């Protein structure tokens, strides 16, 4: 099943923002089935892409991708009036065809994880009592929690900043720009974290073998083991007199 997809009543929705800042009981969605064909196909292609499935909020990648007519996807949805605000307790997220969970409950668990709370235990309780949480999604949540804790220990993590929204609930140009700037800052912080991790791996590599010279290896250079192969040596080929003739 795809991430960022749910149902509002009997209608399919794509979740742009899981929560509205200042109104965490509301979310922003679009109804894919009501979109014009050229917009629908472009939006769904972005949603289904690896970047779309990895994003915390779908809006993060929609503002970076364009429609066939050259307009940014998120901006076009806003200006065409296709973004709707609905209560999170009315949206059902379906990780698999056999499991489902209300969006407000999922948001609560994610907030607890970001604050380092007892979210993992809560996931297990929900799974045992109601069977709502799919095991694959629970494993993914646990992995995300561990990654956040590791980042905190390295002092490279940046607290999640919810996307901004104007007072009247509309996503105007100023709000879109502010959201894009916030996402850019998060990406910069994540890049710094990756650089720090690369430095740690280099230090570990030198610790494993001090004779290794990092300057001798580039990104494209594969490292091939030169150790002799174990097992029986290959049989020697016998050349007969007939073969020589």
**OP:** Determine whether the range 80-100 contains at least one residue that is free of Cβ contacts under 8 Å to residues at least 60 places away in the same chain, out of contact with any strand residue (DSSP E or B) (no Cβ under 8 Å at 6 or more places or on another chain) and within 22 Å of residue 177 (Cα to Cα).
**Re:** yes
**OP:** For residues that are farther than 18 Å from residue 31 by Cα and touching a helix residue (DSSP H, G or I) at 6+ places or on another chain (Cβ under 6 Å), scanning just the range 61-78, find the one that is surrounded by the most Cβ atoms within 10 Å (Cβ to Cβ).
**Re:** 65
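No lab work stands behind these numbers, since they all come straight from the coordinates. What you see is a predicted model; the values in this text were computed from it and never measured. A quick note on method: Cβ atoms are made from the backbone with ideal geometry, for glycine too, and the neighbour counts reach across all protein chains shown.
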